[in-house]
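The values are calculated or read from the model by the stated rules, or taken from the named source; none is laboratory data. This one's a predicted model, so the numbers in the text were calculated from it and none came from an experiment. Because the Cβ atoms are built from the backbone with ideal geometry, glycine has one as well, and the counts that use them run over all protein chains shown. All accessible areas refer to the heavy atoms of the entire protein, side chains included, with ligands and DNA or RNA removed. Shrake-Rupley method; radii C 1.70, N 1.55, O 1.52, S 1.80 Å.
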Amino acid sequence: MIAQANPLAQYLGHRAEIDAAVRAVLEGGNYILGPEVKAFESDFASYVGAAHGIGVGNGTDALHVALRACEIGPGDEVITVSHTAVATVAAIELAGARPVLVDIEPNFFTLDPARIEAALTPRTKAIVPVHLYGHAADLSPILRLARARGLRVIEDCAQAHGALYNGRRVGSFGDMACFSFYPTKNLGALGDGGIVVTSDTALAERSRLLREYGWAERFVSRIPGWNSRLDEVQAAILRVKLRHLDGANWARRRLARMYSDGLRDLGLVLPAEREPGTHVFHLYVVRSAKRDALRDLLTRHGIGAGVHYPVPVHLQPAYRGRLAPEGPLPQTERAVREVLSLPLYPELEEEKVQHVIQTIHSFDPA
Ligand SMILES: *Cc1c(COP(=O)(O)O)cnc(C)c1O
């Protein structure tokens, strides 16, 4: 059996360091918003290239906090994509705003900047580009348009820790950026976690208040907030893993290249990169018109392949009819029928990648 993702392998790879870090927290007696969270917030913000980091409970909350910090709420519209984890859209609704869904660029699966203009209304307040699968959305035209219109840009970086755009790490471009540390993400906790990063001091301060009851000081709420804290144990684990993130991303890229070399000329559409060396391959996603048959073949051979995502958000039962997209989304609706995520995680053995490649070579697309 070859899993599509394997967070246990990464724990085992750094077991001594992680166990020591966890034990230090357990014996330190400080379990919430203590020194580990503070140090991780600072380490991670520096890694991204932002001034401030605010650790929160998960990636959905990171987006919710960021939107609320930007004072986006009822009556406001936020432009994003339907081809994303449902969390992106759920967070916009949690803030009370209306998600306005636009189509993607078929080569990169990310928000098509050419689709923004038609989706703008006087109520538009922000754009949330999603750096899907580990590849950056085309930020330059998005930022240019947002600046011209006075819109906020909040990057959803939940799948792109360490990915580059124009030579800089994603998360350093928008007014704010949000990351998830769900265990399978490129930087994963051993539980839930998330962070908001920003270089805007006022937005950072508001985010800090929002994540803990609006407290500026203990027991005194300056604004209405709620509770979404990153805990000390997860922060300690994340500090260990952050030291290994570039190495892990490098391993993902190396395995991705093996796939791309081995799967050429089979009629599959392989992942593209806008600029070489920028993709961090959270997922290695191929496209095939015979996706379901290919997936069945892999399953029969004990190979775990995933579909990210089988139903676009605007067609899911919770949203269908209620959340009308901004016009048709042909690229989104085609992508969900064709995408297949092959096994990929930093510790995956080369022989297993070769086995997946050989298995796909036996696929008869006819
Ligand atoms: C994982 C993910 C999220 C949500 O993160 P959680 O930690 O699961 O709340 C948001 N957006 C994208 C694109 C994701 O992949």
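Only one entry in Ala118, Ala146, Ala114, Ala90 is within 16 Å of the ligand (Cβ to nearest atom) and of a type in the set (Gly, Ala, Ser), namely Ala90. Restricting attention to the stretch 56-77, and to residues there that are of a type outside the set (A, V, I, L, M, F, W, C) and part of a loop (DSSP other than H, G, I, E, B), which single residue is farthest from the ligand (Cβ to nearest atom)? Taking the candidates together, the pick is Gly75.
Among the conditions (1) more than 16 Å from the ligand (Cβ to nearest atom); (2) without any contact (Cβ under 8 Å) to a residue 60 or more places away in the chain, Glu155 misses just one, which is (1). If I filter the stretch 231-241 for residues that are under 21 Å from Tyr133 (Cβ atoms) and touching a His at 6+ places or on another chain (Cβ under 9 Å), do I get at least one hit? For the stretch 231-241, residues under 21 Å from Tyr133 (Cβ atoms) and touching a His at 6+ places or on another chain (Cβ under 9 Å): present. Quick check on the stretch 111-129. Is at least one of its residues touching a Gly at 6+ places or on another chain (Cβ under 7 Å), within 26 Å of Val336 (Cβ to Cβ) and of a type outside the set (Gly, Ala, Ser)? Within the stretch 111-129 (the criterion being touching a Gly at 6+ places or on another chain (Cβ under 7 Å), within 26 Å of Val336 (Cβ to Cβ) and of a type outside the set (Gly, Ala, Ser)), the answer is no, since none of the residues qualifies. Give the residues of the stretch 160-174 that are open to solvent by less than 50 Å² (accessible area, probe 1.4 Å) and either of a type in the set (Lys, Arg) or touching a Leu at 6+ places or on another chain (Cβ under 6 Å) (or both), sorted by residue number. His161, Gly162, Tyr165, Phe173, listed by residue number. Applying the condition of being among the charged types (D, E, K, R) and over 26 Å from the mean Cα position of the chain (by Cα) to the stretch 210-260 and asking which residue is least open to solvent (accessible area, probe 1.4 Å) yields Glu217. Each residue in the stretch 78-87 was checked for being more than 13 Å from the ligand (Cβ to nearest atom) and surrounded by fewer than 24 Cβ atoms within 10 Å (Cβ to Cβ), and 0 of them qualify. Taken over the stretch 138-173, residues that are among the small types (Gly, Ala, Ser) and under 17 Å from Thr60 (Cα atoms) amount to 3.
Here Val100 fits the description: touching a strand residue (DSSP E or B) at 6+ places or on another chain (Cβ under 8 Å), among the aliphatic types (A, V, I, L, M), more than 16 Å from the ligand (Cβ to nearest atom) and in a strand (DSSP E or B). In the condition set (1) among the polar types (S, T, N, Q); (2) outside any helix (DSSP H, G or I); (3) within 16 Å of the ligand (Cβ to nearest atom), Asn30 is compliant with all but (3). For the stretch 131-151, the criterion of being modelled with pLDDT of 95 or more, closer than 28 Å to Ala189 by Cα and in a strand (DSSP E or B) is satisfied by no residue at all. Each residue in the stretch 166-183 was checked for being touching a Lys or Arg at 6+ places or on another chain (Cβ under 8 Å) and more than 16 Å from the ligand (Cβ to nearest atom), and 1 of them qualify.
Pairs linking a residue in the stretch 27-52 that is without any contact (Cβ under 8 Å) to a residue 40 or more places away in the chain to a residue that is among the aromatic types (Phe, Trp, Tyr), with Cβ atoms under 8 Å and 6 or more positions apart or on different chains, do not occur. Within the stretch 111-129, is there a residue that is assigned to a strand (DSSP E or B), among the acidic types (Asp, Glu), touching a strand residue (DSSP E or B) at 6+ places or on another chain (Cβ under 8 Å) and in contact (Cβ under 8 Å) with a residue 40 or more places away in the chain? Within the stretch 111-129 (the criterion being assigned to a strand (DSSP E or B), among the acidic types (Asp, Glu), touching a strand residue (DSSP E or B) at 6+ places or on another chain (Cβ under 8 Å) and in contact (Cβ under 8 Å) with a residue 40 or more places away in the chain), the answer is no, since none of the residues qualifies. Restricting attention to the stretch 184-209, the residues that are within 15 Å of the ligand (Cβ to nearest atom) and open to solvent by less than 10 Å² (accessible area, probe 1.4 Å) add up to 9.
Please count how many residues of the stretch 1-30 are of a type in the set (Val, Ile, Thr) and open to solvent by 50 Å² or more (accessible area, probe 1.4 Å).
Residues in the stretch 1-30 being of a type in the set (Val, Ile, Thr) and open to solvent by 50 Å² or more (accessible area, probe 1.4 Å): 0 in total.
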